[in-house]
1. Identify all residues within the stretch 21-46 that are open to solvent by 100 Å² or more (accessible area, probe 1.4 Å) and not hydroxyl-bearing (S, T, Y); write none if there are none.
2. Pairs only if they're at least six apart or on different chains, beta carbon under 9 angstrom, first in the stretch 12-27 and closer than 21 Å to R45 by Cβ, second among the small types (G, A, S) and at pLDDT 85 or above; list them, first residue then second.
3. For the list (1) within 17 Å of the chain's Cα centre (by Cα); (2) exposed (fewer than 10 other Cβ atoms within 10 Å of the Cβ), I need the number of the one condition that L49 fails.
Amino acid sequence: MNYRSVLNYFLNRSTNASAESFNAKVKAFRSQFRGVRNTEYFLYRLIKLYS
């Protein structure tokens, strides 16, 4: 078990929930546009939607 992240929560009351939420959104977006050939446009859309 990663004891440092557990201790970090109790010492600083901080979690990585926002990062996990963003990763879930990126995964959902990526699965929606499976087979996209233009990666520059894909990254552009990703940045515009989630920035």
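1. Step one: list which residues in the stretch 21-46 are open to solvent by 100 Å² or more (accessible area, probe 1.4 Å), which gives 27, 30, 32, 34, 37, 40-41, 44.
Those that are open to solvent by 100 Å² or more (accessible area, probe 1.4 Å) and not hydroxyl-bearing (S, T, Y): K27, R30, Q32, R34, R37, E40.
2. none
3. L49 satisfies all of (1) within 17 Å of the chain's Cα centre (by Cα); (2) exposed (fewer than 10 other Cβ atoms within 10 Å of the Cβ) except (2).
The values are calculated or read from the model by the stated rules, or taken from the named source; none is laboratory data. Computed from a predicted structure; not experimentally measured. Here Cβ is always computed from backbone atoms with ideal geometry, including for glycine, and neighbour counts include all displayed protein chains. These accessible areas exclude ligands, DNA and RNA; they are computed on the full protein's heavy atoms, side chains included. Shrake-Rupley method; radii C 1.70, N 1.55, O 1.52, S 1.80 Å.
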